[in-house]
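See structure below.
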Amino acid sequence: MNLQEFGSIREVMAKANDKKSGDELAGIAAETATERMRAKRVLSELTVHDLFECPAVPYEDDEVTRIIIDDIDKAEYEKIKNWTMAELREWLLADSTTGDDMLRAGRGMTSEVIAGVCKLMGNMDLMYASSKMHIEKTCNTTIGGTNVLASRLQPNHPVDGPGGVTASTLEGLSYGVGDAVLGLNPAIDTVDSTVTIWNLLQDIKHRYDVPTQICVLSHVTTQMKALQTGAKADLCFQSIAGSEAALSAFGVTASMLEEARAMFMQDGSAKGPNVMYFETGQGSELSSSAHNNWDQVTMECRCYGLARHYDPFLVNTVVGFMGPEYLYDSHQLLRAGLEDVFNGHLHGLPMGCDVCYTNHMPTDQDDGESLAVMLTAAGCHYFMGLPQGDDIMLMYQSTGYHDIAALRTMMHKRPIPEFEKWLESRGIWVDGHLGPNAGDPTRFLEEAV
């Protein structure tokens with residue numbers, strides 16, 4: 001069995017991918033399970049060098065490719081370049097291979113290499129390998145510590161109403177949510193709205209001495225303009241994609257991200273040095289016809305290759321937000337979440353996951369809870385916390401405040417240490433679980449009087 005059975009490495013990679021409705025929509029998926037397994041067999045015999053030499057978009061045509069390849073640690077690459085994908089998989093899963101070993105070797109792997117080995121791994125393989133890698137990053141506090149499961153408090157509101165945002169934020173804090181970031185998706189992407197929410201979240205953070213970070217998820221250019229007004233935020237956010245063309249569809253360039261990072265390091269309110277927050281999601285390149293006929297796992301993996309260039313504090317895959325056109329059902333949703341966290345970790349990124357779905361997907365809250373448990377075991381850095389897991393602005397379902405508490409208790413996880421101490425001082429967290437004052441945001445109002 002050899003490569004000649006297929007037309008190209010690109011075809012092998014696409015057909016070796018686990019079943020995804022996005023690849024089927026693009027017309028590149030394996031037509032049968034037998035064809036998929038034959039492609040996996042051919043892929044297993046390809047080397048790290050083979051995939052290094054076959055970027056999804058040519059080096060001369062794409063700034064994402066140039067960043068990924070130029071960032072490679074050549075010494076680490078030389079150590080592994082002759083390994084087959086099968087050999088790489090066995091090495092990653094060996095008990096003798098530590099997480100530090102994996103992270104060091106990952107610096108010598110392009111995103112195509114990481115995507116390639118991912119396609120040869122089962123779900124438990126992905127969980128086990130992910131769990132061995134521990135990545136710590138620091139903004140105001142440090143994410144990724146031992147047995148830490150953090151959370152983003154997402155107080156979205158249909159019209160960015162300050163009262164509604166404040167109510168959701170205080171309720172989330174009362175459940176121990178928000179140690180990763182207080183981060184709002186704005187309904188209105190303007191400088192004025194961004195500044196208003198920045199100021200509101202900063203006021204909450206400082207009034208109650210909350211050890212965390214704040215962010216508003218408006219477009220990166222909006223945030224740069226807001227920063228120029230003198231307003232402050234800790235993290236700069238942007239959704240990113242795995243090709244220059246797809247980035248362009250978001251109105252973003254690599255140089256723009258570099259400029260934003262420099263601005264936030266100089267003028268933002270974070271201690272740093274990690275001041276960037278990126279979101280991704282399988283299928284975004286296909287949605288803008290910018291996937292170059294490559295499969296959605298490889299293109300998603302290239303997002304992580306781009307992200308690591310900017311040394312971010314947070315990265316998360318919004319795994320089910322794109323809908324059934326890209327991930328059809330719960331089986332594909334579970335697989336994609338595990339793939340994304342493994343691939344992000346091997347890139348050296350602090351990966352979170354928005355374990356979410358839209359109401360036109362044939363999946364439900366039980367499926368999301370199953371994935372959240374699996375990802376917690378896999379060492380996922382953080383999840384989203386929304387009131388009742390229901391985003392009333394973006395109209396999708398995710399994880400709720402109470403889900404974070406349940407995952408921490410069941411899986412013996414804890415908040416970021418500084419945040420944990422803050423919770424304990426208010427009786428919200430006691431002996432590794434929610435305390436007597438949990439779920440009562442009125443105590444914050446009493447404290448402010």
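The values are calculated or read from the model by the stated rules, or taken from the named source; none is laboratory data. Bear in mind the structure is a predicted one, so any value in this text is a computation, not a measurement. With ideal geometry, Cβ positions are generated from the backbone for all residues, glycine too; neighbour counts draw on all protein chains shown. Heads up: the accessible areas ignore ligands, DNA and RNA and are worked out on the full protein's heavy atoms, side chains in. Shrake-Rupley method; radii C 1.70, N 1.55, O 1.52, S 1.80 Å.
Quick look at the values:
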| item | result |
| --- | --- |
| For the range 368-426: relative contact order, % (alpha-carbon pairs under 8 angstrom, 6 or more apart) | 27 |
| Average accessible area per residue (Å²) across the range 252-339 - probe 1.4 Å, nucleic acids and ligands excluded | 29 |
| Lys421, Lys225, reordered so the largest accessible area comes first (probe 1.4 Å) | Lys421, Lys225 |
| Principal axis dimensions, largest first and in whole angstrom, of the range 183-330 by Cα | 49, 33, 25 |
| Semi-axis lengths, Å, the range 254-384, gyration tensor of Cα atoms, sqrt of 5 times eigenvalues | 26, 18, 12 |
| Efficiency of FRET between Gln388 and Thr442 - r from beta-carbon atoms, R0 25 angstrom, step 0.05 | 0.85 |
| Convex hull volume of the range 133-199 per residue (C-alpha atoms, cubic angstrom) | 106 |
| All Cα pairs of the range 221-301, percent lying beyond 21 Å | 36 |
| Structure-based [θ]222 nm, the chain - -39500 (n - 2.57) summed over DSSP H runs of at least 4, per residue, nearest 500 | -14000 deg cm²/dmol |
| Inverse mean reciprocal Cα-Cα distance (Kirkwood Rh) of the range 1-153, Å | 17.0 |
| Overall Cα dimensions of the range 105-222, principal axis frame, Å, largest first | 49, 31, 23 |
| Between the range 352-412 and the range 108-122, the alpha-carbon center distance in angstrom | 26 |
| Kirkwood Rh, angstrom, the range 385-427 [1 / mean 1/r, Cα pairs] | 11.6 |
| Surface share of carbon and sulfur [accessible, 1.4 angstrom probe, percent] for the chain | 51 |
| Lysines with Cα under 30 Å of Lys81, excluding same-chain neighbours fewer than 8 positions away | Lys15, Lys19, Lys20, Lys40, Lys119, Lys132, Lys137 |
| Of (i) 33, 29, 25; (ii) 43, 28, 20; (iii) 36, 23, 20, the label for semi-axes √(5λ) of the Cα gyration tensor in Å derived from the coordinates | (iii) |
| Cα convex hull volume per residue for the range 180-222 (Å³) | 59 |
